[in-house]
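The values are calculated or read from the model by the stated rules, or taken from the named source; none is laboratory data. Source: prediction; values computed, not measured. Here Cβ is always computed from backbone atoms with ideal geometry, including for glycine, and neighbour counts include all displayed protein chains. Heads up: the accessible areas ignore ligands, DNA and RNA and are worked out on the full protein's heavy atoms, side chains in. Shrake-Rupley method; radii C 1.70, N 1.55, O 1.52, S 1.80 Å.
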Amino acid sequence: MSCEPWQCAEVAATKKANPITKPEVAVAMIKRAARPLLVVGSNATERSMEGRSLIDFLIDFAKASKVQVVATAHMVGEFLKRGYTPAGFMSAMDIGNRLVDPSWDGLDGKGHPDLAIFVGLPYYMEALILSGLKHFAPDLRTITIDNLYHPHASWSYPNGSLDDWANNLKVMTSRFEGGQ
Amino acid sequence: MTSKNVRVKIGEMKTSTGLVKNLDISIGKLVDDSWEEPMGPTPMPSLTTLRNWDLTLLNKYKPFYLPDCDLCCLCTYGKCDLTAGKRGACGLNIADQSSRIVLIACCIGAATHNGHARHVVDHLIEKYGRRYPLDVGGLNVKVEAPVTRLVTGIRPQTLGDLDEVLTYCESQITHLLSVAHTGQEANNIDFESKAFHAGRVDQVGMEVADIAQISVFDFPKADPEAPLIKMGIGTVDQTKPVIMCIGHNVVPSVGIIDYMKEQKLDDKMEVVGLCCTAIDNTRYFDRAKIVGPISWELRFIRGGFADVVVLDEQCVRTDCSLEAERVKAPVIAASEKNCIGYKDRTNDPADEIVADLVSGKVPGVLILDPEKVGEVAVKVAQKVAPMRKKMKSLPTLEEIRELAKKCRHCNMCQRSCPQDLKIPEAITAAAEGDYSKLADLYEECIGCGRCEEACPVKLEIHSYILKVGEKKMLSETNYCRSGRGAVQDVEIRSVGGPIVLGEIPGIVALVGCANYPHGGKDVYDICREFALRRFIVMTSGCSAMSAGSYKNEEGKTLYEEFPGGFEAGGVINVGSCVSNPHIAGAAIKVANIFAKRSLRGNYEEIADYIHNRVGAVGLAWGAYSQKAASIASGFWSLGVPVLVGPHGSKYRRMLLGRADKPENWEVYDARTGNKVNVGPAPEHLFQTVETPQEAMVAIAKLCLRPNDTWKGRSIKLSHYIDLHKRHYGIMPPDIHRFVRTMADVPMTMKDEVTKILKEKGWKETVIPDPTLLPRMIRKKKE
């Protein structure tokens with residue numbers, strides 16, 4: 001496990017993500033947040049672990065944690081096929097653009113998210129959006145629950161194996177009331 | 001027309017009043033303005049002339065910055081850390097710096113195209129004279145240079161006129177680049193406005209380059225039936241000497257082709273091209289062949305297909321010369337912009353240069369005379385071909401298996417790959433004799449070679465991918481239509497009405513570079529989808545090659561399956577990078593020819609017309625370059641939305657509308673002066689899309705325009721809804737924002753749409769005569 005950017009050149013300057021050393025740390029942050037939002041990108045159906053697609057792990061997590069999900073690209077259709085309706089869907093750039101606007105009241109109109117959780121976007125695209133949020137949304141905390149270290153997030157898992165990833169997601173899911 | 005440097009010289013003349021001897025009159029500039037169209041308000045705009053228009057667009061589509069770097073390292077105050085609101089030593093913050101980088105990228109792009117144009121125009125003037133007439137389509141094209149007319153107010157008729165146009169562009173690029181100096185512009189939106197201006201100048205420069213070469217080299221002239229060109233390395237007869245031309249500037253290739261023809265060798269040799277030089281070679285010589293886009297340079301040099309490599313300018317890998325040395329292919333550098341450290345042999349006798357290259361005394365030479373390039377390239381290829389016997393630098397499969405065993409499983413190859421490809425798995429499998437995963441990479445790899453640079457044990461991973469994909473590579477035989485150049489005026493007359501009224505649902509232009517992780521299949525699929533839907537599909541450059549690189553179930557490429565005319569369901573290759581203004585020009589000509597709006601120096605009005613009425617969208621699926629940035633900027637400035645594929649996010653700034661803010665979507669009704677909310681149409685000006693599915697839905701949506709008639713809007717919405725349901729599995733929840741009256745609702749989707757309209761509390765509104773410009777209001781509100 002290494003806290004170096006997964007893509008070697010995606011370096012940050014003075015403000016780098018704190019490492020999430022164990023899933024309980026991420027769980028604590030999510031529980032502490034008043035309005036967390038999970039942004040799920042197109043790799044949700046491109047990555048698989050233990051014979052299951054990433055999106056299936058994420059649906060379990062979303063159901064257990066009750067965190068609102070916004071699907072990017074065409075992922076809404078993939079969620080719906082699996083019987084889960086995300087709270088919203090829009091392009092990755094649109095959700096990034098809304099998150100930097102403090103007057104945006106979230107998908108349900110009840111208030112701006114205070115924590116944005118990212119997973120499953122192409123690495124460089126997620127890195128750039130996290131950079132945009134680091135610079136222009138100072139009051140927003142960001143976490144990635146990918147298995148790749150993202151220096152521009154507030155908190156990120158270090159680079160890890162697929163087995164580590166599956167385990168982290170399962171532990172996170174299990175720590176919420178709806179988890180198994 | 002304005003012409004410069006008129007000189008009258010009389011040796012001896014007898015008149016009734018006396019004898020005149022050795023009279024020499026020189027006039028700096030002679031104005032012959034026979035163009036009847038009155039001059040508009042903004043000819044030859046300066047950096048701020050169109051600022052108000054830019055700010056209007058930038059207020060509607062605000063920048064969303066994605067800083068690629070937290071630092072500024074451009075001056076010795078720095079490095080300055082600009083993280084999260086900090087200002088640097090010069091006072092700039094990260095928003096300013098991000099927009100400054102956008103401006104610099106656009107300036108590089110504009111300078112590159114204008115530099116290219118300057119080289120072509122100067123060369124042609126030297127050879128054919130300033131008075132050489134321009135002809136881009138005979139009687140079918142009276143508006144020969146719509147972008148130039150619009151921006152500069154000049155109607156160019158001769159090569160000499162293009163010189164004057166370029167002089168204007170060069171002055172603007174100098175001013176624009178100076179803006180990026182430390183301690184100049186202090187506001188990000190003003191940087192953005194200037195980036196738009198760079199885009200305008202870029203479009204002019206490209207147009208100049210292309211109309212010059214079309215006119216003089218007799219390229220296809222607005223020809224919908226421009227010839228189909230063989231494409232793919234499988235079409236190359238490797239028993240013949242092969243000259244491989246790489247880059248963008250066709251002038252050296254013309255030298256090669258002319259020499260081959262003079263020596264009656266044109267059927268005894270192969271001239272193949274990579275990148276835009278390939279496209280332009282085929283416009284000059286229909287037996288030239290396109291072997292691939294920019295991303296395949298490494299593939300084909302390392303594959304050993306070339307006996308001589310001729311490098312001109314732009315998008316040429318800077319290690320091409322080193323790669324060519326490995327396969328013992330001599331290199332000729334033919335552009336002063338890309339000398340590669342070679343000795344300048346321009347003034348040496350051709351046979352001496354040939355001897356040095358053939359003997360291997362020197363690996364390459366710089367020759368700046370295109371005719372000499374032609375003679376040397378042909379002679380060297382003839383002599384070297386039998387000696388090289390197509391020498392390759394690819395290992396055997398058995399060698400790959402053994403080499404792969406050296407892998408340390410450090411993952412640095414994958415971590416260095418721009419596409420995050422699963423290279424380690426493929427190498428591990430190859431070490432066990434399973435090459436299937438390397439074969440899969442052949443389709444996905446964009447040929448950058450970063451994996452090899454990162455490998456601690458120096459595995460030549462790209463060579464392994466090529467070796468395993470060799471059979472497939474050699475079977476690549478496709479067709480690309482030669483670049484046709486401009487759109488005919490008569491074509492505009494036929495489709496201008498249906499485009500503006502919305503009955504042709506849109507114009508989709510797939511342009512730019514080819515760094516696609518799936519070898520262009522996405523581009524092919526997107527082109528075909530929209531051609532089948534009766535959109536007008538336009539392509540250029542490497543995208544045009546990708547579009548032709550796949551076949552339908554009947555074995556036909558796109559260019560064989562669909563007509564090449566500017567018509568519903570047409571698939572048009574306009575040509576190379578510098579042909580892109582024919583796409584912008586088509587939109588401009590709709591305003592001019594169909595709507596009878598004056599073009600001359602009338603930028604704001606025409607851009608306002610296009611933005612509100614012409615449902616055009618650009619997609620640069622694999623764009624990587626600064627030129628792509630400036631090309632996109634030229635379209636933004638005209639109000640035409642541009643999409644980029646996922647790694648286009650690295651352009652680090654989007655221009656996004658906010659559909660959820662109704663106040664952003666008001667236009668004036670030019671008939672009444674009333675403000676009317678027209679919804680987010682088009683919703684964005686520059687956006688990254690993550691998947692091809694998202695691209696297709698976004699394209700259909702971005703073709704919506706405020707001016708659509710109910711019939712046109714109904715057609716456009718039917719495509720948007722259909723694609724949305726297919727790819728997202730659900731009705732678009734924002735449909736209420738685009739329905740103005742119930743007549744807009746597609747008949748076959750009425751029940752589903754009506755349900756959403758009721759849920760959203762939709763209210764009917766009017767269809768205005770839309771404009772963003774108060775001065776276009778015909779009747780002021782009392």
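The table for this structure:
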item	result
Extreme residue, farthest from the other protein chains (Cβ to nearest Cβ), among residues of the stretch B:717-737 that are among the hydrophobic types (A, V, I, L, M, F, W, C) and crowded, with 21+ Cβ neighbours inside 10 Å	B:Leu717
Pairs, first among the acidic types (Asp, Glu) in the stretch A:4-16, second part of a loop (DSSP other than H, G, I, E, B), C-beta under 9 Å, six or more apart	A:Glu4/A:Val11; A:Glu4/A:Tyr149; A:Glu4/A:Pro151; A:Glu4/A:Pro158; A:Glu10/A:His150; A:Glu10/A:Pro151; A:Glu10/A:His152; A:Glu10/B:Asp68
Residue in the stretch A:93-102 that is among the small types (Gly, Ala, Ser) and more than 9 Å from every other protein chain (Cβ to nearest Cβ) present	no
Among (1) over 22 Å from the mean Cα position of the chain (by Cα); (2) among the aromatic types (Phe, Trp, Tyr); (3) in a helix (DSSP H, G or I), the one test that B:Tyr342 misses	(3)
Sole residue being of a type outside the set (Val, Ile, Thr), more than 22 Å from B:Pro43 (Cβ to Cβ) and touching a strand residue (DSSP E or B) at 6+ places or on another chain (Cβ under 7 Å), chosen from B:Glu185, B:Glu192	B:Glu192
Where A:Val76 falls short, out of the listed (1) buried (at least 18 other Cβ atoms within 10 Å of the Cβ); (2) touching a residue at least 24 places away in the same chain (Cβ under 8 Å); (3) outside any strand (DSSP E or B)	(2)
Residues that are under 24 Å from the mean Cα position of the chain (by Cα) and in a loop (DSSP other than H, G, I, E, B), drawn from the stretch B:119-141	B:Leu134, B:Asp135, B:Val136, B:Gly137, B:Val141
Residue within the stretch A:159-177 that is facing chain B (nearest Cβ under 9 Å), open to solvent by less than 20 Å² (accessible area, probe 1.4 Å) and in a loop (DSSP other than H, G, I, E, B) present	no
Any hit, the stretch A:132-142, residues being under 18 Å from A:Gln7 (Cα atoms), among the hydrophobic types (A, V, I, L, M, F, W, C) and at the interface with chain B (Cβ under 7 Å from one of its Cβ atoms)	no
Candidate set: the stretch B:695-720, residues that are of a type outside the set (Gly, Ala, Ser) and out of contact with any Leu (no Cβ under 9 Å at 6 or more places or on another chain); chosen: the one farthest from A:Ile129 (Cα to Cα)	B:Trp710
So A:His112, is it assigned to a loop (DSSP other than H, G, I, E, B), more than 12 Å from every other protein chain (Cβ to nearest Cβ), surrounded by fewer than 24 Cβ atoms within 10 Å (Cβ to Cβ) and in contact (Cβ under 8 Å) with a residue 60 or more places away in the chain	yes
Enumeration of residues in the stretch A:136-161 that are more than 16 Å from the chain's Cα centre (by Cα) and more than 30 Å from A:Ser103 (Cβ to Cβ)	A:Ser161
Pairs, first under 17 Å from A:Leu140 (Cβ atoms) in the stretch A:82-99, second of a type outside the set (A, V, I, L, M, F, W, C) and open to solvent by less than 50 Å² (accessible area, probe 1.4 Å), C-beta under 6 Å, six or more apart	A:Ala92/A:Thr72; A:Ala92/B:Glu690; A:Met93/B:Gln687; A:Met93/B:Thr688; A:Gly96/A:Gly132
Scan of the stretch A:48-73 for residues that are surrounded by fewer than 19 Cβ atoms within 10 Å (Cβ to Cβ) and within 14 Å of chain B (Cβ to nearest Cβ), ordered by number	A:Ser48
B:Tyr624 open to solvent by 10 Å² or more (accessible area, probe 1.4 Å), within 14 Å of chain A (Cβ to nearest Cβ) and modelled with pLDDT under 95	yes
Residue that is farthest from B:Thr112 (Cα to Cα), among those in the stretch B:167-200 that are outside any helix (DSSP H, G or I) and aliphatic (A, V, I, L, M)	B:Ala186
Matching entry among B:Glu375, B:Glu452, B:Glu399 (being among the acidic types (Asp, Glu) and either touching a residue at least 60 places away in the same chain (Cβ under 8 Å) or open to solvent by less than 20 Å² (accessible area, probe 1.4 Å) (or both))	B:Glu375
Per-region count, the stretch B:342-372, residues surrounded by fewer than 16 Cβ atoms within 10 Å (Cβ to Cβ), among the hydrophobic types (A, V, I, L, M, F, W, C) and farther than 20 Å from B:Val327 by Cβ	1
Residue among B:Leu368, B:Leu322 that is on the phi < 0 side of the Ramachandran plot and not in a helix (DSSP H, G or I)	B:Leu368
Residue check for B:Lys405: in contact with a helix residue (DSSP H, G or I) (Cβ under 6 Å, 6 or more places away or on another chain), away from chain A (no Cβ under 14 Å) and open to solvent by 60 Å² or more (accessible area, probe 1.4 Å)	yes
Subset of the stretch B:106-123 that is open to solvent by 20 Å² or more (accessible area, probe 1.4 Å) and among the hydrophobic types (A, V, I, L, M, F, W, C) - its residue that is farthest from the other protein chains (Cβ to nearest Cβ)	B:Ala111
Single match in A:Pro122, A:Pro151 (criterion: within 8 Å of chain B (Cβ to nearest Cβ), within 15 Å of A:Trp6 (Cβ to Cβ), crowded, with 20+ Cβ neighbours inside 10 Å and of a type outside the set (Asp, Glu))	A:Pro122
In the stretch B:66-89, the residues that are aliphatic (A, V, I, L, M), within 9 Å of chain A (Cβ to nearest Cβ) and within 33 Å of the chain's Cα centre (by Cα)	B:Leu66, B:Leu71, B:Leu82
Answer residue from the stretch B:408-430, given it is more than 14 Å from chain A (Cβ to nearest Cβ) and closer than 18 Å to B:Glu443 by Cβ and is surrounded by the fewest Cβ atoms within 10 Å (Cβ to Cβ) among those	B:Ala429
Subset of the stretch B:670-686 that is of a type outside the set (Val, Ile, Thr) and open to solvent by 10 Å² or more (accessible area, probe 1.4 Å) - its residue that is nearest to the other protein chains (Cβ to nearest Cβ)	B:Glu683
